[in-house]
1. Within segment 145-155, is even one residue over 15 Å from residue 47 (Cβ atoms) and aliphatic (A, V, I, L, M)?
2. Would you check which residues across segment 121-151 are touching a strand residue (DSSP E or B) at 6+ places or on another chain (Cβ under 6 Å) and closer than 30 Å to residue 35 by Cα and list them?
3. All but one of (1) touching a Phe, Trp or Tyr at 6+ places or on another chain (Cβ under 9 Å); (2) closer than 13 Å to residue 243 by Cβ; (3) at pLDDT 95 or above hold for residue 157, so report the exception by its number.
4. Go over the candidates 68, 108, 141 one by one and state the one that is free of Cβ contacts under 8 Å to residues at least 60 places away in the same chain and outside any strand (DSSP E or B).
5. Filter segment 133-158 for residues that are surrounded by fewer than 21 Cβ atoms within 10 Å (Cβ to Cβ) and farther than 23 Å from residue 106 by Cα and give the result.
6. For segment 63-105, what are the residues that are in contact with an Asp or Glu (Cβ under 6 Å, 6 or more places away or on another chain) and either open to solvent by 70 Å² or more (accessible area, probe 1.4 Å) or more than 20 Å from residue 230 (Cβ to Cβ) (or both)?
7. Return a yes/no flag: does segment 18-38 have any residue that is of a type outside the set (Phe, Trp, Tyr) and either modelled with pLDDT of 95 or more or under 18 Å from residue 241 (Cβ atoms) (or both).
8. Strands (runs of 3 or more DSSP E) wholly in segment 171-271 with at least 1 residues that are crowded, with 19+ Cβ neighbours inside 10 Å and among the charged types (D, E, K, R) - which ones?
Amino acid sequence: MKSFRTFALLAVLLAGSPGTRRLGAQESESPYAPVRRDPLGTKLIDLPTPFTLGARRVEVLFNHRFQQTVSAGSSNLWGLDSGADVGIGLALGVTKHLDLAVFRSSFQKDFELSGKYLFLEQAARVPLSLAVRAGTDLLRQQGAADPRRPFAQLLLARSFGHGVNLFVAPTWVRDTPLLRNAVTLPVGGTVGLPGGSYLEAEYVPKNHDLGTSVAAWHVALAKPIGAHLFSLVLGNSRATTVDQYAGGDSAAGFKSGDVRLGFNLVRYFDF
């Protein structure tokens, strides 16, 4: 019930004001012409956005989440001397509205297969962008419990002007490390900075069905450069796949006060 009330409040915030026009938009434009997106990509930090790549476009993603925390100190270069969970992903824009993607995290050899369909894009007469994403996480590490973990996500986004965006991603996953049929309500947001950079933030609340669940948070400084998007990440959790972040019970273990370094690097190709 608490999650439903939170979702209802966020839905009102997302849809409550008139559609936003970007600077330079012409009054003669169709009221259903999509507003210009900020170049944030198909993922914010770890959470998916509703945005798709567009037809005949490929996205390649590399990410690192260092295992030690910043509190490891200067002798361990604030965690950078430790090993890292490495993620490699490939997404294909099949049509303007449909993406297919595969992502592999080195942690537990977790493969995430997914499809995303964009139903609505924000416009003067359309208050938000909406997409559905579904897929499964497949753990290939020997001995992993519940190695097949289907999930579904409803992805909502609202732009309030250049650089200012709010994201909500109600999520269900059949299995997490400690939960069955976990439901959560991650949120994210961005603020534009001088020089074309963005300050990004994500929050995945703890799951109240599990007493040991821990809320996960991340912030990032993101900078699009040509066909690249680079993000420097700080956060408490190493989880990058739906099955690991949805329950606040990542098998890697983390605490609310942890701070770890990481980064995302995205490259786009047209064909």
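1. Yes - at least one qualifying residue is present in segment 145-155.
2. 121, 122, 126, 128, 129, 130, 131, 132, 133, 134, 135, 151
3. The number of the failed condition is (2).
4. Residue meeting the stated conditions: 141.
5. 154
6. Result: 69, 93.
7. Pass one, segment 18-38, residues of a type outside the set (Phe, Trp, Tyr): 18-31, 33-38.
Still in the list and also either modelled with pLDDT of 95 or more or under 18 Å from residue 241 (Cβ atoms) (or both): 38.
Looking for residues that are of a type outside the set (Phe, Trp, Tyr) and either modelled with pLDDT of 95 or more or under 18 Å from residue 241 (Cβ atoms) (or both), one finds at least one in segment 18-38, hence yes.
8. Details: elements: 171-175, 180-184, 187-192, 198-204, 216-225, 228-235, 260-270.
Answer list for segment 171-271: 171-175, 198-204, 260-270.
The values are calculated or read from the model by the stated rules, or taken from the named source; none is laboratory data. In this text the structure is predicted, and so the values were computed from the model without any measurement. Here the Cβ is made from the backbone with ideal geometry for all residues, glycine too, and neighbour counts use every protein chain on show. Protein only, heavy atoms only, side chains kept; ligands, DNA and RNA dropped before computing areas. Shrake-Rupley method; radii C 1.70, N 1.55, O 1.52, S 1.80 Å.
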